[in-house]
Amino acid sequence: MEKQPKKINSLTIFIYSRLHLTLLAMHNSEYRINGGLGFAITDPRCALTFSTATDFSINDQRPNPLANKELKRLVTLLRTEQKRHDFPIAADIVINGNMRPHSGFGSGSAISLACLEALHRLNGSIPSTAELVDASGRGGTSGVGIHSYFSGGCVFDLGRPTDSNAHAPSHQVTASRPLLLDQLPMPDWEIGICMPLPILHKSQADERAFFERTCPLPAEAVYETLYHSLFGLYAAIREADRATFCHALRAVQACAWKKAERLEYGTALFEIEQALYANGAEAVGMSSLGPSLFFLADNTADIINQMRLARPDCEWLLTRPANHGRELTDA
């Protein structure tokens, strides 16, 4: 770690959501397991403000805050890091913004990384990316969130080497981090976001149960997902070809892994998706294990206005890719 050039007493970190398009090698692979593809977006986002303190406190002022047990886990994470480096300073933390937890936006990874980074900076040190990722314990299943936090853009990773550990969500994996294949800028496409408020999100226990009953997938199903992800989504991003991206995104929704994720929500999510297509969406995807949807269209803003009237039980946003990572300001 290099030493920070000046002492600071407060710090604000702006963090951005990521859309996770799909996981990849969810079968009994002879090479690697997991792997993923996704990209950062400008909205939803959060502002985390940190002030020096003698002990940790977290005030999550979002309309949908972290649960008490999640706040306690975050404080435990920070105290562990404080003890590891013998830092004298703790932090008062205030969270604001519209990034909903457990909705497919990667808020857990981004908030954990931001809190750890702020703890270091308040104590006069600037940690490396690897140090923060290791301390966070995040990214064991997919590297999209941990890479997009720092640099934004699109992230394609190749998972981790096959070992004796079963497929599991990131919060449960402590194995080696995924191998980054490529990180590249996203084209400046308009993207619509739908957060269905009546549909309950999945808890960590729900996620574990889903992985246990869904994995491993047949190898052929994984090959199909990888084909559409690599030759479809990734190539379309490289060439800024929105039509091909939309075609591949629709195809991925019908592949075994993403289809299983979508079926977790039944007709409630399907009805919203069908309404989006009926109003002119070119492609609709679900981020991670949802339940948030995202879509691309020629008239994204018009569709959002129509859907706000038709489905006031959902929160609707117009966003774009973020080809930058978190932003820091200090006082």
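The values are calculated or read from the model by the stated rules, or taken from the named source; none is laboratory data. Fair warning: this is a prediction, and the values are worked out from it, not measured in the lab. As a convention, Cβ positions derive from the backbone with ideal geometry for all residues, glycine included, and neighbour counts pool all protein chains shown. To get the accessible areas, we keep the full protein, side chains included, count just its heavy atoms, and leave off ligands, DNA and RNA. Shrake-Rupley method; radii C 1.70, N 1.55, O 1.52, S 1.80 Å.
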**OP:** Determine whether region 106-126 contains at least one residue that is surrounded by fewer than 16 Cβ atoms within 10 Å (Cβ to Cβ), modelled with pLDDT under 95, among the small types (Gly, Ala, Ser) and farther than 30 Å from CYS194 by Cα.
**Re:** yes
**OP:** Evaluate the following for TYR227: is it more than 21 Å from PHE105 (Cα to Cα) and either under 19 Å from the mean Cα position of the chain (by Cα) or aromatic (Phe, Trp, Tyr) (or both)?
**Re:** yes
Subject >> Of all residues making up region 30-50, the number that are surrounded by fewer than 19 Cβ atoms within 10 Å (Cβ to Cβ) and either in contact (Cβ under 8 Å) with a residue 60 or more places away in the chain or in contact with a Lys or Arg (Cβ under 6 Å, 6 or more places away or on another chain) (or both) >> reply: 5
Original post:
So is HIS20 within 19 Å of the chain's Cα centre (by Cα), in contact (Cβ under 8 Å) with a residue 40 or more places away in the chain, open to solvent by 40 Å² or more (accessible area, probe 1.4 Å) and within 30 Å of LEU317 (Cα to Cα) or not?
Top reply: no
Original post:
Of the residues ALA254, ALA243, ALA275, which is surrounded by 14 or more Cβ atoms within 10 Å (Cβ to Cβ) and either more than 20 Å from SER17 (Cβ to Cβ) or not hydrophobic (A, V, I, L, M, F, W, C) (or both)?
Top reply: ALA275
**OP:** Would you mind finding the one in ASP60, ASP134 that is acidic (Asp, Glu) and farther than 30 Å from LEU184 by Cβ?
**Re:** ASP60
Subject >> Considering residues of region 183-212 that are part of a loop (DSSP other than H, G, I, E, B) and in contact with a Gly (Cβ under 7 Å, 6 or more places away or on another chain) only, the residue least open to solvent (accessible area, probe 1.4 Å) >> reply: MET186
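Each row is one residue, and each column tells you yes or no for (1) on the phi < 0 side of the Ramachandran plot; (2) not acidic (Asp, Glu); (3) not in a strand (DSSP E or B).
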residue: ALA260; (1), (2), (3): yes, yes, yes
residue: THR267; (1), (2), (3): yes, yes, yes
residue: GLU271; (1), (2), (3): yes, no, yes
residue: ALA281; (1), (2), (3): yes, yes, yes
residue: VAL284; (1), (2), (3): yes, yes, no
residue: ASP298; (1), (2), (3): yes, no, yes
residue: ILE303; (1), (2), (3): yes, yes, yes
residue: GLN306; (1), (2), (3): yes, yes, yes
residue: HIS324; (1), (2), (3): yes, yes, yes
